[in-house]
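Encoded as structure tokens, the structure appears first; notes follow it.
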Amino acid sequence: MRTEAVPAGLNARHHKAALGAFMVVVVAHWGEHLAQAVQVYALGWPLKEARGLLGVPFPWLVSSEWMHYGYALIMLIGLILLRGGFVGRSRTWWNVSLGIQVWHHLEHLLLLVQALAGANLLGRPAPTSLIQLLVPRMELHLFYNALVFAPMVVAVLLHRRPRVSEGAGMRCTCAVAPSW
């Protein structure tokens, strides 16, 4: 009996394509954070003007808590939905990424709730996450995205080159060759 709620094809015959599409979204978002950091630290732009690549022509994107929360939710859903395709060592690393994203998502939920309620944490002038009480928002989200991204990359690399024993348990065609 199947216990997974995810359609079998997503983590079998469609896993490679779905994982590839998900990684494109993840890398594009990561690129936005890196572009903003370059704008601030390399180009010397004021933080209010450093909005990443899409935020320059569409400034509302940077200030939209809905957009930030939506991306955090998409990340969480993607990590959950694609999890069933990972086995062995790659599953462990994917789970690490998922666990970190759960926290990141909760931080964005807190930000969204503050924006919707019009009442910010500790009377701050803008919505504020818990760790943001210690670390500025831009740097914090760059760090969060790195924390989620690094184990995700390790998971994908291990998934693409599984040990023979791991490859035997895979239902997808993501593996390029066994590594052992």
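The values are calculated or read from the model by the stated rules, or taken from the named source; none is laboratory data. For clarity, every value in this text was computed on a predicted model and none was experimentally measured. Every residue, glycine among them, receives a Cβ derived from its backbone with ideal geometry; neighbour counts consider all protein chains shown.
Restricting the first member to the stretch 84-101 and to residues that are at positive phi, and the second to residues that are part of a loop (DSSP other than H, G, I, E, B) and crowded, with 23+ Cβ neighbours inside 10 Å, the beta-carbon pairs closer than 9 Å and six or more apart or on different chains are GLY88/PRO162. Checked against the criterion of being of a type in the set (Phe, Trp, Tyr) and either in contact with a helix residue (DSSP H, G or I) (Cβ under 8 Å, 6 or more places away or on another chain) or at pLDDT 95 or above (or both), the stretch 123-143 contains not a single residue that satisfies it.
Every condition in (1) in contact (Cβ under 8 Å) with a residue 24 or more places away in the chain; (2) farther than 23 Å from HIS15 by Cβ; (3) among the aliphatic types (A, V, I, L, M); (4) surrounded by fewer than 18 Cβ atoms within 10 Å (Cβ to Cβ) is met by LEU112 except one, and the failing one is (4). Among the residues of the stretch 147-167 satisfying the criterion of being more than 20 Å from GLY9 (Cβ to Cβ) and among the small types (Gly, Ala, Ser), which is farthest from the chain's Cα centre (by Cα)? The extreme case among them is SER165.
Within the stretch 158-179, the set of residues being without any contact (Cβ under 8 Å) to a residue 40 or more places away in the chain and out of contact with any helix residue (DSSP H, G or I) (no Cβ under 6 Å at 6 or more places or on another chain) comprises ARG160, ARG161, VAL164, GLY167, ALA168, ALA177, SER179.
Considering the stretch 114-131 alone, what residues qualify as being among the aliphatic types (A, V, I, L, M), assigned to a helix (DSSP H, G or I) and either touching an Asp or Glu at 6+ places or on another chain (Cβ under 9 Å) or more than 19 Å from GLY70 (Cα to Cα) (or both)? Scanning the stretch 114-131 gives ALA115, LEU116, LEU121, LEU122, ILE131.
Of the helices (runs of 4 or more DSSP H) that lie entirely inside the stretch 38-105, those containing 2 or more residues that are at pLDDT 95 or above and under 17 Å from the mean Cα position of the chain (by Cα) span 65-82.
Here the stretch 132-146 is the region considered, the condition is being loosely packed, with under 15 Cβ neighbours inside 10 Å and in a helix (DSSP H, G or I), and the residue that is nearest to the chain's Cα centre (by Cα) is ALA146. Considering only residues in the stretch 1-37 that are assigned to a loop (DSSP other than H, G, I, E, B) and modelled with pLDDT under 90, the one that is surrounded by the fewest Cβ atoms within 10 Å (Cβ to Cβ) turns out to be MET1.
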